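What follows is a set of notes on a single structure, which appears directly below.
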Amino acid sequence: MARYLLLSLCCIAISLPGFGQEAVNQELNDAIRKQGLDNSKVMDIAGWAIDTYGPRLTGSPMLDKATEWAEGQLKEWGLKNVHTEAWGPFGRGWELEHFEMHAQAPNYWPVLAYPKAWSSSTDGEVSGEAIYLQANEEKDLEAYKGKLKGKFVLLDTLRAVEEWFEAPAKRYESSELLDMANAPMPTPRPRRNYQRTGGLSFNRILWDFITEEQPLAILDRSYKGDLGTVFVAGARTTERGDLRKEGVYVIPQATLSVEHYNRLFRLLQRGVPVTLSMDLKTRYTNPDGMEHNIIAEIPGAGLKDEVVMFGAHFDSWHSGTGATDNGAGSVVMMEVARILQEVIKETGVQPRRTLRLALWTGEEQGLLGSRGYASEHFAEFAPDTYNPQSLKPEQAKVSAYYNLDNGTGKIRGVYMQGNPEVAAIFRAWLEPFKDLEAGTLTLENTGGTDHLSFDAVGIPGFQFIQDPMAYFARTHHSNMDNMDHLVEADLKQAATIIASFVMHTAMRDEMMPRKTIDVGQKEENKESKSKP
Ligand SMILES: [Zn+2]
(Lines give C-alpha, C1' and ligand atoms only; values in the text may rest on other atoms or scores of the structure.)
Protein backbone atom coordinates (compact mmCIF):
# COMPACT_ATOMS: atom_id res chain seq x y z
CA MET A 1 0.00 0.00 0.00
CA ALA A 2 2.73 2.53 1.10
CA ARG A 3 4.58 1.73 -2.15
CA TYR A 4 1.42 2.39 -4.24
CA LEU A 5 0.88 5.65 -2.37
CA LEU A 6 4.45 6.68 -3.20
CA LEU A 7 3.84 5.91 -6.87
CA SER A 8 0.69 8.03 -7.10
CA LEU A 9 2.45 10.83 -5.17
CA CYS A 10 5.20 10.59 -7.77
CA CYS A 11 2.54 11.09 -10.53
CA ILE A 12 1.03 14.14 -8.86
CA ALA A 13 4.47 15.76 -8.41
CA ILE A 14 5.15 15.63 -12.15
CA SER A 15 1.87 17.23 -13.19
CA LEU A 16 2.90 20.54 -11.69
CA PRO A 17 3.12 23.61 -14.02
CA GLY A 18 5.80 23.34 -16.78
CA PHE A 19 4.83 19.80 -17.73
CA GLY A 20 1.26 20.76 -18.79
CA GLN A 21 -1.50 18.80 -17.10
CA GLU A 22 -0.55 15.32 -18.19
CA ALA A 23 0.77 12.94 -15.53
CA VAL A 24 4.05 11.12 -16.15
CA ASN A 25 4.99 8.30 -13.82
CA GLN A 26 8.76 8.40 -13.37
CA GLU A 27 8.91 5.22 -11.31
CA LEU A 28 7.07 3.27 -13.97
CA ASN A 29 9.27 4.77 -16.67
CA ASP A 30 12.40 3.78 -14.76
CA ALA A 31 11.16 0.21 -14.45
CA ILE A 32 10.21 0.17 -18.14
CA ARG A 33 13.65 1.48 -19.15
CA LYS A 34 15.37 -1.14 -17.05
CA GLN A 35 13.44 -3.94 -18.78
CA GLY A 36 13.49 -2.41 -22.23
CA LEU A 37 17.09 -1.19 -22.40
CA ASP A 38 19.04 -3.30 -19.89
CA ASN A 39 17.14 -6.58 -19.95
CA SER A 40 15.84 -6.62 -23.50
CA LYS A 41 14.69 -9.86 -25.12
CA VAL A 42 13.83 -8.26 -28.44
CA MET A 43 16.56 -9.96 -30.50
CA ASP A 44 15.81 -13.35 -28.99
CA ILE A 45 12.16 -12.92 -29.98
CA ALA A 46 13.32 -11.82 -33.44
CA GLY A 47 15.46 -14.92 -33.80
CA TRP A 48 12.36 -17.07 -33.47
CA ALA A 49 9.77 -14.95 -35.30
CA ILE A 50 12.06 -14.09 -38.23
CA ASP A 51 14.99 -16.50 -38.69
CA THR A 52 13.01 -19.56 -37.56
CA TYR A 53 9.47 -18.71 -38.64
CA GLY A 54 10.04 -16.41 -41.60
CA PRO A 55 8.68 -15.53 -44.13
CA ARG A 56 5.12 -15.35 -42.82
CA LEU A 57 3.01 -14.97 -45.97
CA THR A 58 -0.71 -14.83 -45.13
CA GLY A 59 -2.33 -18.19 -45.79
CA SER A 60 0.99 -20.07 -45.71
CA PRO A 61 1.78 -23.02 -43.39
CA MET A 62 4.81 -21.08 -42.09
CA LEU A 63 2.53 -18.34 -40.77
CA ASP A 64 0.49 -21.00 -38.95
CA LYS A 65 3.68 -22.28 -37.29
CA ALA A 66 4.75 -18.73 -36.42
CA THR A 67 1.30 -18.11 -34.92
CA GLU A 68 1.55 -21.22 -32.77
CA TRP A 69 4.99 -20.17 -31.55
CA ALA A 70 3.83 -16.60 -30.77
CA GLU A 71 0.82 -17.82 -28.79
CA GLY A 72 3.07 -20.18 -26.81
CA GLN A 73 5.53 -17.40 -26.05
CA LEU A 74 2.82 -14.97 -24.92
CA LYS A 75 1.31 -17.60 -22.65
CA GLU A 76 4.75 -18.35 -21.23
CA TRP A 77 5.09 -14.67 -20.28
CA GLY A 78 1.80 -14.91 -18.45
CA LEU A 79 -0.46 -12.94 -20.75
CA LYS A 80 -4.14 -13.74 -20.49
CA ASN A 81 -6.84 -14.58 -23.00
CA VAL A 82 -4.19 -15.53 -25.57
CA HIS A 83 -6.12 -16.66 -28.65
CA THR A 84 -6.48 -16.32 -32.39
CA GLU A 85 -9.45 -14.63 -33.98
CA ALA A 86 -10.63 -15.69 -37.40
CA TRP A 87 -11.31 -13.23 -40.23
CA GLY A 88 -12.05 -13.73 -43.89
CA PRO A 89 -12.61 -15.51 -46.09
CA PHE A 90 -9.11 -14.72 -47.33
CA GLY A 91 -9.00 -17.55 -49.83
CA ARG A 92 -6.24 -19.98 -50.61
CA GLY A 93 -2.71 -19.56 -49.30
CA TRP A 94 0.54 -20.30 -51.08
CA GLU A 95 3.86 -21.91 -50.36
CA LEU A 96 7.08 -22.05 -52.37
CA GLU A 97 8.67 -25.51 -52.47
CA HIS A 98 11.37 -25.14 -55.09
CA PHE A 99 12.66 -22.55 -57.55
CA GLU A 100 15.57 -22.36 -59.91
CA MET A 101 16.13 -20.43 -63.09
CA HIS A 102 19.00 -20.62 -65.54
CA ALA A 103 20.12 -19.08 -68.79
CA GLN A 104 21.09 -21.83 -71.22
CA ALA A 105 21.97 -19.85 -74.37
CA PRO A 106 23.91 -17.92 -75.67
CA ASN A 107 25.83 -19.28 -72.63
CA TYR A 108 25.04 -20.75 -69.22
CA TRP A 109 24.54 -18.71 -66.02
CA PRO A 110 22.28 -19.06 -62.99
CA VAL A 111 19.67 -16.28 -62.99
CA LEU A 112 19.00 -14.36 -59.78
CA ALA A 113 15.20 -14.17 -59.61
CA TYR A 114 12.25 -14.83 -57.29
CA PRO A 115 8.84 -16.22 -58.15
CA LYS A 116 5.87 -13.96 -57.44
CA ALA A 117 3.59 -15.14 -54.66
CA TRP A 118 0.63 -17.28 -55.70
CA SER A 119 2.30 -18.32 -59.00
CA SER A 120 1.34 -21.81 -60.12
CA SER A 121 4.06 -24.42 -60.67
CA THR A 122 5.80 -25.05 -63.96
CA ASP A 123 5.44 -28.58 -65.30
CA GLY A 124 8.76 -29.69 -63.79
CA GLU A 125 11.84 -28.11 -65.32
CA VAL A 126 10.80 -26.31 -68.50
CA SER A 127 12.93 -24.49 -71.03
CA GLY A 128 12.27 -22.30 -73.99
CA GLU A 129 13.18 -19.14 -75.83
CA ALA A 130 12.83 -15.67 -74.32
CA ILE A 131 10.80 -13.00 -76.09
CA TYR A 132 10.21 -9.34 -75.24
CA LEU A 133 6.53 -8.32 -75.54
CA GLN A 134 6.52 -4.71 -76.68
CA ALA A 135 2.92 -3.49 -76.57
CA ASN A 136 1.32 -0.28 -75.40
CA GLU A 137 -2.10 -0.72 -76.94
CA GLU A 138 -4.36 -3.51 -78.16
CA LYS A 139 -3.32 -3.37 -81.81
CA ASP A 140 0.31 -3.97 -80.84
CA LEU A 141 -0.64 -7.44 -79.60
CA GLU A 142 -1.58 -8.64 -83.07
CA ALA A 143 2.08 -9.23 -83.95
CA TYR A 144 2.45 -11.68 -81.05
CA LYS A 145 -0.62 -13.78 -81.72
CA GLY A 146 0.32 -17.47 -81.46
CA LYS A 147 3.94 -16.52 -80.74
CA LEU A 148 4.13 -16.75 -76.94
CA LYS A 149 3.27 -20.38 -76.25
CA GLY A 150 6.20 -22.28 -74.71
CA LYS A 151 8.24 -19.10 -74.29
CA PHE A 152 9.47 -16.89 -71.45
CA VAL A 153 7.90 -13.47 -71.91
CA LEU A 154 9.74 -10.32 -70.82
CA LEU A 155 7.31 -7.53 -70.06
CA ASP A 156 9.49 -4.67 -68.87
CA THR A 157 11.85 -2.35 -70.69
CA LEU A 158 15.43 -1.97 -69.51
CA ARG A 159 15.89 0.04 -66.27
CA ALA A 160 18.99 2.21 -65.99
CA VAL A 161 21.13 1.36 -62.96
CA GLU A 162 22.93 4.21 -61.22
CA GLU A 163 25.87 3.82 -58.85
CA TRP A 164 25.20 4.55 -55.16
CA PHE A 165 26.93 7.79 -54.23
CA GLU A 166 24.73 8.22 -51.14
CA ALA A 167 24.44 5.71 -48.30
CA PRO A 168 21.23 3.66 -48.64
CA ALA A 169 20.48 3.94 -44.91
CA LYS A 170 19.66 7.21 -43.26
CA ARG A 171 18.41 8.80 -40.06
CA TYR A 172 16.23 11.88 -39.94
CA GLU A 173 18.09 15.17 -39.70
CA SER A 174 16.77 17.63 -37.13
CA SER A 175 15.74 19.95 -39.98
CA GLU A 176 13.55 17.21 -41.45
CA LEU A 177 11.97 16.56 -38.06
CA LEU A 178 11.38 20.27 -37.65
CA ASP A 179 9.57 20.38 -40.99
CA MET A 180 7.37 17.54 -39.81
CA ALA A 181 6.69 19.30 -36.51
CA ASN A 182 5.63 22.41 -38.45
CA ALA A 183 3.44 20.54 -40.91
CA PRO A 184 -0.10 21.92 -41.10
CA MET A 185 -3.28 20.07 -40.22
CA PRO A 186 -3.80 17.42 -42.93
CA THR A 187 -6.82 17.99 -45.15
CA PRO A 188 -9.23 15.07 -44.84
CA ARG A 189 -9.65 13.15 -48.11
CA PRO A 190 -13.20 12.35 -49.15
CA ARG A 191 -14.08 8.67 -48.81
CA ARG A 192 -13.84 7.16 -52.29
CA ASN A 193 -15.53 4.18 -53.79
CA TYR A 194 -13.80 3.16 -56.95
CA GLN A 195 -16.17 1.72 -59.52
CA ARG A 196 -15.08 -0.02 -62.68
CA THR A 197 -16.56 1.99 -65.58
CA GLY A 198 -16.10 2.32 -69.34
CA GLY A 199 -13.85 0.08 -71.49
CA LEU A 200 -11.37 -2.50 -70.32
CA SER A 201 -7.99 -1.10 -69.27
CA PHE A 202 -5.10 -2.06 -71.57
CA ASN A 203 -3.56 -3.98 -68.66
CA ARG A 204 -6.64 -6.13 -68.52
CA ILE A 205 -6.53 -6.71 -72.31
CA LEU A 206 -2.83 -7.51 -72.08
CA TRP A 207 -3.34 -10.12 -69.37
CA ASP A 208 -6.29 -11.68 -71.18
CA PHE A 209 -4.05 -11.98 -74.23
CA ILE A 210 -1.12 -13.44 -72.28
CA THR A 211 -3.38 -15.96 -70.52
CA GLU A 212 -4.75 -16.98 -73.91
CA GLU A 213 -1.24 -17.49 -75.31
CA GLN A 214 0.00 -19.77 -72.47
CA PRO A 215 3.65 -18.79 -72.20
CA LEU A 216 5.91 -20.80 -69.87
CA ALA A 217 6.35 -17.82 -67.54
CA ILE A 218 6.20 -14.03 -67.33
CA LEU A 219 9.37 -12.22 -66.35
CA ASP A 220 9.88 -8.69 -65.14
CA ARG A 221 12.53 -6.79 -63.29
CA SER A 222 12.55 -5.22 -59.88
CA TYR A 223 11.11 -1.66 -60.04
CA LYS A 224 13.98 -0.53 -57.83
CA GLY A 225 17.07 -2.04 -56.21
CA ASP A 226 20.24 -3.56 -57.63
CA LEU A 227 23.34 -5.47 -56.57
CA GLY A 228 21.30 -8.57 -55.79
CA THR A 229 18.38 -6.91 -54.02
CA VAL A 230 15.12 -7.93 -55.68
CA PHE A 231 11.76 -6.37 -54.71
CA VAL A 232 8.94 -8.84 -55.37
CA ALA A 233 5.36 -9.30 -54.21
CA GLY A 234 2.24 -11.03 -55.59
CA ALA A 235 1.57 -12.40 -59.09
CA ARG A 236 -0.93 -10.90 -61.53
CA THR A 237 -4.10 -12.38 -62.92
CA THR A 238 -6.64 -10.96 -65.35
CA GLU A 239 -9.27 -10.63 -62.64
CA ARG A 240 -8.18 -8.96 -59.39
CA GLY A 241 -8.70 -11.33 -56.45
CA ASP A 242 -8.44 -14.42 -58.66
CA LEU A 243 -5.08 -15.21 -57.12
CA ARG A 244 -6.71 -16.59 -53.99
CA LYS A 245 -9.62 -18.34 -55.70
CA GLU A 246 -9.59 -22.15 -55.64
CA GLY A 247 -8.79 -23.75 -58.99
CA VAL A 248 -7.52 -20.62 -60.75
CA TYR A 249 -4.35 -21.21 -62.78
CA VAL A 250 -1.85 -18.39 -62.23
CA ILE A 251 0.78 -18.16 -64.96
CA PRO A 252 4.23 -18.65 -63.36
CA GLN A 253 5.74 -15.22 -62.84
CA ALA A 254 9.17 -14.18 -61.62
CA THR A 255 10.99 -10.95 -60.88
CA LEU A 256 14.64 -10.85 -61.86
CA SER A 257 17.48 -8.84 -60.41
CA VAL A 258 17.77 -5.76 -62.60
CA GLU A 259 21.26 -6.59 -63.80
CA HIS A 260 20.23 -10.06 -64.99
CA TYR A 261 17.03 -8.78 -66.58
CA ASN A 262 18.81 -5.95 -68.39
CA ARG A 263 21.37 -8.42 -69.82
CA LEU A 264 18.57 -10.60 -71.25
CA PHE A 265 16.83 -7.52 -72.63
CA ARG A 266 19.99 -6.19 -74.33
CA LEU A 267 20.75 -9.62 -75.85
CA LEU A 268 17.25 -9.75 -77.37
CA GLN A 269 17.56 -6.15 -78.61
CA ARG A 270 20.80 -7.20 -80.33
CA GLY A 271 18.98 -10.09 -81.99
CA VAL A 272 20.87 -12.76 -80.04
CA PRO A 273 18.54 -15.71 -79.30
CA VAL A 274 18.17 -16.44 -75.57
CA THR A 275 17.12 -19.78 -74.05
CA LEU A 276 16.06 -20.00 -70.42
CA SER A 277 14.98 -22.82 -68.10
CA MET A 278 12.90 -22.73 -64.94
CA ASP A 279 11.75 -25.22 -62.35
CA LEU A 280 9.07 -23.77 -60.07
CA LYS A 281 7.25 -25.91 -57.58
CA THR A 282 4.56 -24.26 -55.47
CA ARG A 283 1.61 -25.40 -53.38
CA TYR A 284 -1.77 -23.81 -52.64
CA THR A 285 -2.67 -24.09 -48.97
CA ASN A 286 -5.20 -22.96 -46.34
CA PRO A 287 -8.15 -25.05 -47.50
CA ASP A 288 -10.70 -23.40 -45.17
CA GLY A 289 -9.83 -20.01 -46.59
CA MET A 290 -10.05 -18.26 -43.20
CA GLU A 291 -7.19 -16.39 -41.60
CA HIS A 292 -6.36 -15.39 -38.02
CA ASN A 293 -5.12 -12.49 -35.94
CA ILE A 294 -3.30 -13.17 -32.65
CA ILE A 295 -4.74 -11.47 -29.55
CA ALA A 296 -3.37 -11.43 -25.97
CA GLU A 297 -4.15 -9.34 -22.91
CA ILE A 298 -2.93 -7.97 -19.61
CA PRO A 299 -6.12 -7.45 -17.62
CA GLY A 300 -6.80 -4.00 -16.20
CA ALA A 301 -7.92 -3.16 -12.68
CA GLY A 302 -10.49 -0.46 -12.07
CA LEU A 303 -11.28 0.49 -15.66
CA LYS A 304 -10.86 -3.05 -16.97
CA ASP A 305 -13.69 -2.79 -19.49
CA GLU A 306 -11.76 -0.06 -21.21
CA VAL A 307 -8.90 -1.13 -23.40
CA VAL A 308 -5.60 0.15 -24.76
CA MET A 309 -4.51 -1.68 -27.90
CA PHE A 310 -1.06 -1.98 -29.44
CA GLY A 311 0.08 -4.08 -32.37
CA ALA A 312 1.69 -4.67 -35.72
CA HIS A 313 1.19 -6.92 -38.73
CA PHE A 314 2.79 -10.33 -38.35
CA ASP A 315 2.46 -11.34 -41.97
CA SER A 316 5.10 -10.58 -44.57
CA TRP A 317 5.92 -11.11 -48.20
CA HIS A 318 7.85 -14.24 -49.20
CA SER A 319 11.26 -13.57 -50.76
CA GLY A 320 13.10 -12.62 -47.51
CA THR A 321 12.10 -13.45 -43.92
CA GLY A 322 9.94 -10.37 -43.33
CA ALA A 323 12.50 -8.97 -40.87
CA THR A 324 11.93 -5.22 -41.22
CA ASP A 325 8.44 -5.65 -42.70
CA ASN A 326 7.08 -6.35 -40.35
CA GLY A 327 9.00 -8.67 -38.11
CA ALA A 328 10.48 -5.53 -36.50
CA GLY A 329 7.07 -4.13 -35.50
CA SER A 330 5.78 -7.53 -34.34
CA VAL A 331 8.78 -8.39 -32.15
CA VAL A 332 8.81 -4.88 -30.68
CA MET A 333 5.12 -5.17 -29.76
CA MET A 334 5.66 -8.64 -28.26
CA GLU A 335 8.58 -7.18 -26.31
CA VAL A 336 6.29 -4.35 -25.10
CA ALA A 337 3.96 -7.00 -23.68
CA ARG A 338 6.89 -8.78 -22.00
CA ILE A 339 8.27 -5.51 -20.58
CA LEU A 340 4.89 -4.53 -19.12
CA GLN A 341 4.35 -7.97 -17.60
CA GLU A 342 7.73 -7.69 -15.85
CA VAL A 343 7.14 -4.09 -14.75
CA ILE A 344 3.76 -4.96 -13.28
CA LYS A 345 5.35 -7.86 -11.40
CA GLU A 346 8.18 -5.64 -10.16
CA THR A 347 6.22 -2.51 -9.22
CA GLY A 348 2.92 -4.12 -8.28
CA VAL A 349 1.15 -1.47 -10.33
CA GLN A 350 -1.71 -3.01 -12.33
CA PRO A 351 -2.80 -1.05 -15.40
CA ARG A 352 -6.22 0.54 -14.87
CA ARG A 353 -7.40 -0.28 -18.40
CA THR A 354 -6.87 -3.67 -20.04
CA LEU A 355 -3.86 -3.86 -22.35
CA ARG A 356 -4.51 -5.77 -25.57
CA LEU A 357 -1.80 -6.87 -28.01
CA ALA A 358 -2.83 -7.64 -31.61
CA LEU A 359 -0.62 -9.26 -34.25
CA TRP A 360 -2.48 -8.86 -37.54
CA THR A 361 -2.36 -10.91 -40.70
CA GLY A 362 -3.39 -10.06 -44.24
CA GLU A 363 -1.86 -6.57 -44.01
CA GLU A 364 0.13 -6.93 -47.20
CA GLN A 365 -3.04 -7.77 -49.11
CA GLY A 366 -4.83 -4.64 -47.89
CA LEU A 367 -4.98 -4.35 -44.09
CA LEU A 368 -7.37 -7.31 -44.22
CA GLY A 369 -6.79 -8.67 -40.70
CA SER A 370 -7.11 -5.37 -38.84
CA ARG A 371 -10.11 -4.36 -40.97
CA GLY A 372 -11.65 -7.74 -40.26
CA TYR A 373 -11.18 -7.04 -36.57
CA ALA A 374 -12.71 -3.56 -36.89
CA SER A 375 -15.80 -4.91 -38.61
CA GLU A 376 -16.11 -7.70 -36.04
CA HIS A 377 -15.76 -5.42 -33.00
CA PHE A 378 -16.24 -1.74 -33.81
CA ALA A 379 -18.48 -0.91 -36.77
CA GLU A 380 -20.80 -2.05 -39.55
CA PHE A 381 -19.32 -1.04 -42.89
CA ALA A 382 -21.05 -0.32 -46.18
CA PRO A 383 -20.43 -3.29 -48.51
CA ASP A 384 -16.97 -3.33 -50.10
CA THR A 385 -15.96 -0.18 -48.29
CA TYR A 386 -14.40 0.80 -44.98
CA ASN A 387 -16.89 3.57 -44.33
CA PRO A 388 -18.63 2.92 -41.01
CA GLN A 389 -22.40 2.99 -41.32
CA SER A 390 -22.99 2.35 -37.61
CA LEU A 391 -20.77 1.83 -34.56
CA LYS A 392 -20.71 -1.13 -32.17
CA PRO A 393 -20.50 -0.69 -28.37
CA GLU A 394 -16.86 -1.88 -28.23
CA GLN A 395 -15.82 1.13 -30.33
CA ALA A 396 -16.37 3.35 -27.29
CA LYS A 397 -14.20 1.16 -25.06
CA VAL A 398 -10.85 1.38 -26.84
CA SER A 399 -8.91 4.43 -25.69
CA ALA A 400 -6.21 4.26 -28.36
CA TYR A 401 -4.29 1.92 -30.69
CA TYR A 402 -0.52 2.14 -31.24
CA ASN A 403 1.05 0.61 -34.36
CA LEU A 404 4.62 0.10 -35.58
CA ASP A 405 5.29 -0.66 -39.25
CA ASN A 406 8.12 1.39 -40.75
CA GLY A 407 11.06 -0.90 -40.38
CA THR A 408 13.83 -1.23 -37.83
CA GLY A 409 14.49 2.49 -37.28
CA LYS A 410 14.19 3.98 -33.79
CA ILE A 411 11.27 6.17 -32.80
CA ARG A 412 11.75 9.89 -33.40
CA GLY A 413 8.20 10.90 -32.46
CA VAL A 414 4.55 10.35 -33.26
CA TYR A 415 2.21 11.08 -36.17
CA MET A 416 -0.88 12.61 -34.53
CA GLN A 417 -3.05 11.65 -37.50
CA GLY A 418 -4.78 15.02 -37.60
CA ASN A 419 -5.71 14.89 -33.88
CA PRO A 420 -4.23 18.03 -32.23
CA GLU A 421 -5.93 17.28 -28.88
CA VAL A 422 -3.32 14.61 -28.13
CA ALA A 423 -0.35 16.97 -28.57
CA ALA A 424 0.03 18.04 -24.93
CA ILE A 425 -0.39 14.46 -23.76
CA PHE A 426 2.19 13.01 -26.13
CA ARG A 427 4.58 15.86 -25.46
CA ALA A 428 4.54 15.09 -21.75
CA TRP A 429 5.00 11.36 -22.43
CA LEU A 430 7.89 11.94 -24.84
CA GLU A 431 9.67 14.38 -22.53
CA PRO A 432 11.34 11.63 -20.43
CA PHE A 433 12.70 10.04 -23.63
CA LYS A 434 14.44 13.07 -25.06
CA ASP A 435 17.76 11.39 -24.31
CA LEU A 436 16.69 8.64 -26.72
CA GLU A 437 16.07 11.26 -29.44
CA ALA A 438 12.32 10.85 -29.57
CA GLY A 439 10.76 14.30 -29.35
CA THR A 440 8.90 15.11 -32.58
CA LEU A 441 5.14 15.45 -32.89
CA THR A 442 3.56 16.08 -36.27
CA LEU A 443 -0.09 16.62 -37.13
CA GLU A 444 0.51 14.71 -40.34
CA ASN A 445 -1.25 11.53 -41.25
CA THR A 446 0.71 8.49 -42.20
CA GLY A 447 -0.91 5.81 -44.24
CA GLY A 448 -0.73 2.32 -45.57
CA THR A 449 -0.88 0.31 -42.39
CA ASP A 450 -3.09 -1.02 -39.62
CA HIS A 451 -3.67 2.07 -37.48
CA LEU A 452 -5.91 3.20 -40.36
CA SER A 453 -8.42 0.47 -39.48
CA PHE A 454 -8.90 2.16 -36.09
CA ASP A 455 -8.78 5.71 -37.45
CA ALA A 456 -11.56 4.81 -39.90
CA VAL A 457 -13.94 3.95 -37.06
CA GLY A 458 -13.06 6.94 -34.88
CA ILE A 459 -10.69 5.19 -32.44
CA PRO A 460 -7.45 7.19 -32.02
CA GLY A 461 -4.94 5.14 -34.02
CA PHE A 462 -1.29 6.18 -34.14
CA GLN A 463 1.86 5.19 -35.96
CA PHE A 464 5.29 6.29 -34.71
CA ILE A 465 7.79 8.35 -36.68
CA GLN A 466 10.80 6.09 -37.27
CA ASP A 467 14.22 6.71 -38.79
CA PRO A 468 14.00 5.48 -42.39
CA MET A 469 17.27 3.43 -42.24
CA ALA A 470 17.46 1.33 -45.47
CA TYR A 471 13.79 0.34 -45.28
CA PHE A 472 12.55 1.61 -48.64
CA ALA A 473 16.00 1.54 -50.25
CA ARG A 474 16.78 -2.08 -49.42
CA THR A 475 14.54 -4.25 -47.31
CA HIS A 476 10.81 -3.37 -47.70
CA HIS A 477 9.34 -6.31 -49.72
CA SER A 478 12.78 -7.52 -50.85
CA ASN A 479 14.78 -10.76 -50.82
CA MET A 480 17.21 -9.03 -48.45
CA ASP A 481 14.62 -8.46 -45.72
CA ASN A 482 16.58 -10.53 -43.22
CA MET A 483 17.45 -10.27 -39.58
CA ASP A 484 20.89 -8.90 -40.48
CA HIS A 485 19.12 -5.62 -41.23
CA LEU A 486 17.56 -5.29 -37.78
CA VAL A 487 19.26 -2.78 -35.49
CA GLU A 488 19.03 -3.99 -31.89
CA ALA A 489 19.51 -0.63 -30.17
CA ASP A 490 16.72 0.89 -32.27
CA LEU A 491 14.29 -1.95 -31.51
CA LYS A 492 15.07 -1.71 -27.78
CA GLN A 493 14.45 2.05 -27.84
CA ALA A 494 11.14 1.57 -29.67
CA ALA A 495 9.86 -1.12 -27.30
CA THR A 496 10.76 1.03 -24.29
CA ILE A 497 8.95 4.14 -25.52
CA ILE A 498 5.87 2.25 -26.70
CA ALA A 499 5.62 0.37 -23.37
CA SER A 500 5.56 3.73 -21.62
CA PHE A 501 2.90 5.13 -23.97
CA VAL A 502 0.69 2.07 -23.56
CA MET A 503 0.98 2.07 -19.77
CA HIS A 504 0.35 5.81 -19.45
CA THR A 505 -2.69 5.54 -21.72
CA ALA A 506 -3.98 2.79 -19.42
CA MET A 507 -3.36 4.83 -16.26
CA ARG A 508 -4.81 8.21 -17.18
CA ASP A 509 -8.23 9.19 -15.89
CA GLU A 510 -9.75 9.96 -19.26
CA MET A 511 -9.83 8.10 -22.52
CA MET A 512 -7.64 9.62 -25.25
CA PRO A 513 -9.23 12.58 -27.10
CA ARG A 514 -10.99 11.55 -30.32
CA LYS A 515 -11.54 13.14 -33.70
CA THR A 516 -15.10 13.35 -34.88
CA ILE A 517 -15.98 11.05 -37.76
CA ASP A 518 -18.96 10.85 -40.11
CA VAL A 519 -20.84 7.63 -39.58
CA GLY A 520 -23.24 6.56 -42.33
CA GLN A 521 -21.55 8.88 -44.85
CA LYS A 522 -22.01 7.88 -48.49
CA GLU A 523 -18.90 7.45 -50.63
CA GLU A 524 -18.05 9.91 -53.37
CA ASN A 525 -18.33 7.94 -56.62
CA LYS A 526 -15.20 8.34 -58.63
CA GLU A 527 -14.74 7.12 -62.15
CA SER A 528 -11.74 4.91 -62.46
CA LYS A 529 -10.54 2.61 -65.11
CA SER A 530 -9.47 -0.05 -62.61
CA LYS A 531 -9.54 -0.54 -58.84
CA PRO A 532 -6.51 1.09 -56.98
ZN1 LIG B 1 4.40 -3.52 -43.38
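The values are calculated or read from the model by the stated rules, or taken from the named source; none is laboratory data. Remember, it's a predicted structure, so these values are computed and weren't measured experimentally. Heads up, the Cβs are rebuilt from the backbone with ideal geometry, glycines too, and the neighbour counts pull from every protein chain shown. Accessible surface is based on the protein model in full, side chains and every heavy atom, while ligands, DNA and RNA are left aside. Shrake-Rupley method; radii C 1.70, N 1.55, O 1.52, S 1.80 Å.
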Problem set entry | Residue under evaluation residue 293, criteria (1) within 16 Å of the ligand (Cβ to nearest atom); (2) in contact (Cβ under 8 Å) with a residue 12 or more places away in the chain; (3) open to solvent by 10 Å² or more (accessible area, probe 1.4 Å), criterion not met | (3)
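Taking region 129-145 on its own, how many of its residues are in a loop (DSSP other than H, G, I, E, B), open to solvent by 70 Å² or more (accessible area, probe 1.4 Å) and not polar (S, T, N, Q)? Steps first, please.
Start the filter on region 129-145 by keeping residues that are in a loop (DSSP other than H, G, I, E, B), which leaves 133-137, 145.
Next cut, open to solvent by 70 Å² or more (accessible area, probe 1.4 Å) only: 134, 136-137, 145.
Still in the list and also not polar (S, T, N, Q): 137, 145.
Of the residues in that region, 2 qualify.
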Problem set entry | Qualifying residue in region 249-256 (condition: open to solvent by 30 Å² or more (accessible area, probe 1.4 Å) and at pLDDT below 95) | yes
Problem set entry | helices (runs of 4 or more DSSP H) enclosed by region 1-110 - at least 3 residues per element that are at pLDDT 95 or above and surrounded by 18 or more Cβ atoms within 10 Å (Cβ to Cβ) | 26-33, 42-46, 61-76
For this session: Only residues that are more than 16 Å from the ligand (Cβ to nearest atom), at pLDDT 95 or above and aliphatic (A, V, I, L, M): list them for region 344-382, please.
Result: 344, 349, 355, 357, 374, 379
Exercise. Just checking, how many residues over region 366-413 are surrounded by fewer than 23 Cβ atoms within 10 Å (Cβ to Cβ) and of a type in the set (Phe, Trp, Tyr)?
Worked result: 3
Seminar exercise, completed: residue 386 fails exactly one of (1) within 16 Å of the ligand (Cβ to nearest atom); (2) hydroxyl-bearing (Ser, Thr, Tyr); (3) closer than 16 Å to residue 461 by Cβ, namely (1)
Exercise. For residue 302, which of the numbered conditions (1) open to solvent by 30 Å² or more (accessible area, probe 1.4 Å); (2) out of contact with any strand residue (DSSP E or B) (no Cβ under 7 Å at 6 or more places or on another chain); (3) of a type in the set (Gly, Ala, Ser); (4) closer than 27 Å to residue 119 by Cβ fails to hold?
Worked result: (4)
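Please give the strands (runs of 3 or more DSSP E) falling wholly within region 397-475 in which 1 or more residues are more than 16 Å from the ligand (Cβ to nearest atom) and over 29 Å from residue 376 (Cβ atoms). Lay out the reasoning, then the answer.
Details: elements: 398-403, 411-415, 440-442, 461-466.
Qualifying strands (runs of 3 or more DSSP E): 411-415, 440-442.
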